[in-house]
1. Here are the criteria: (1) under 21 Å from GLU150 (Cα atoms); (2) within 16 Å of the ligand (Cβ to nearest atom); (3) surrounded by 21 or more Cβ atoms within 10 Å (Cβ to Cβ). Tell me which single one TYR283 does not satisfy.
2. Looking at GLU339, GLU333, which is the one that is modelled with pLDDT under 95 and more than 13 Å from LEU358 (Cβ to Cβ)?
3. Give segment 22-68 a look and list any residue that's buried (at least 19 other Cβ atoms within 10 Å of the Cβ) and touching a strand residue (DSSP E or B) at 6+ places or on another chain (Cβ under 8 Å), or say none.
4. What's the number of the only condition in (1) closer than 21 Å to ALA273 by Cα; (2) within 16 Å of the ligand (Cβ to nearest atom); (3) among the hydrophobic types (A, V, I, L, M, F, W, C); (4) surrounded by fewer than 19 Cβ atoms within 10 Å (Cβ to Cβ) that TRP330 fails to meet?
5. Name the residues in segment 235-255 that are more than 11 Å from PHE66 (Cβ to Cβ) and in a helix (DSSP H, G or I), would you?
6. For the structure I just gave you, tell me whether ASP68 is of a type in the set (Asp, Glu) and more than 18 Å from ALA247 (Cα to Cα).
7. Just to check your reading of the model, which residue among LEU344, LEU310, LEU354 is touching an Asp or Glu at 6+ places or on another chain (Cβ under 8 Å) and not basic (Lys, Arg)?
8. Does ASP221 satisfy the criteria of being over 15 Å from the mean Cα position of the chain (by Cα), surrounded by fewer than 21 Cβ atoms within 10 Å (Cβ to Cβ) and more than 16 Å from the ligand (Cβ to nearest atom)?
Amino acid sequence: MVNSRFSDLADTGMPGLSPQSTLVTGGRPDTEPDAPLNPAVTFASTYHAGGQRGYGRYGNPTWEAFEDVIGALEGGRTLAFSSGLAASDAVLSLLPEACTVVAPDCAYLGVLDQLRERRDAGRLELRQVDVTDTASVAAAARGAAMVWLESPTNPKLDVADITAISDAAAAAGALTVVDNTFATPLLQRPLELGADVVVHSATKLISGHSDVVSGAVVTADDGLFDRLDRHRRLHGATPSPMDVYLALRGLRTLSVRLERAQANAAELASRLASHPRVSIVRYPGYGSICSIEVAGGADSADAVVEAVRLWVHTTSLGGVESTLERRRRWPSESETVDESLIRLSVGIEDVDDLWRDLSHALDVT
Ligand SMILES: *Cc1c(COP(=O)(O)O)cnc(C)c1O
């Protein structure tokens, strides 16, 4: 049965568990003698007839364990996807033909490209907005079918007022979708703030070890859930059970990873603010991602990312290891992102080691 086990937490005999406990207890098999503590990795293309899973593209017990935990954390029902972009693509399939979508002027590139592809094919009108300007987002929502938010945004860390924007979107008859990848459900639960759908790249903080590409969609609306489930069944962006197992295994430790990474990020953001080579620090005050702009433009930023030794120069983010990247090295990155912007994904290493390495790279380049 897909996503049916939302009573899991009640099964512990302790309703109302905190998210930190839900991370650990959710999605476990029944507690019969000799039953394993962990869900199995179920490799199955098909199931004995007469049940609800039916076929491997429709459901999988390992997916369900992961979906139960994310669903309990976000306050909705979850569908696991093969990547964050498969998840966002499924959500965009909810759009009617010839509609209008409001989206951030700068956000995760792949999602914006999915929107631009549809716009260029004449399937939608795209209104890009500064998500920090609530009044203009609300104005743009009039006549739109969907408001797509990412908050904090990648890589500028802009924060949207999800409550006010969801209200305005609902009044205009538009769905609000929030990409919650950067905040995770431990720091922000968009469905509680009025959003209709939450999207995750579980590749990032949720799995947390840079070893899996994975995504998820969450909604508390049964009608939307059924349409998204049908999309997954029909279009086949289904995850491997092994990948989902890895994502779930990583998810168990999200609270301790995030706690350390966030403390490190806050400390580094404050030290970076007084470094003479750093012109701007972008840190929303929470989370593990921070961006800096450095004096000297692109060349100078490139020199910094080449000079680090503990930090890893790579794209992607949200792993236990600290990584950094000059975002404009990607030709399609938004021109609203400064050429010298370096995105820092702060990990769980010792903060003084991270500072020594990064400040040294800034000092010598
Ligand atoms: C990485 C990312 C995505 C895309 O997810 P994939 O798992 O790489 O497909 C979407 N949104 C944000 C904010 C991301 O960082």
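1. The single condition TYR283 does not satisfy is (2).
2. Result of the check over GLU339, GLU333: GLU333.
3. Selection gives TRP63, PHE66, GLU67, ASP68.
4. So TRP330 meets the others, but not (1).
5. HIS235, MET242, LEU254, SER255
6. No.
7. Criteria check complete, one pass: LEU310.
8. yes
The values are calculated or read from the model by the stated rules, or taken from the named source; none is laboratory data. Values in this document were obtained by computation on a predicted structure and should not be read as measured data. Positions of Cβ are generated from backbone atoms using ideal geometry, with glycine treated the same way; all protein chains shown enter the neighbour counts.
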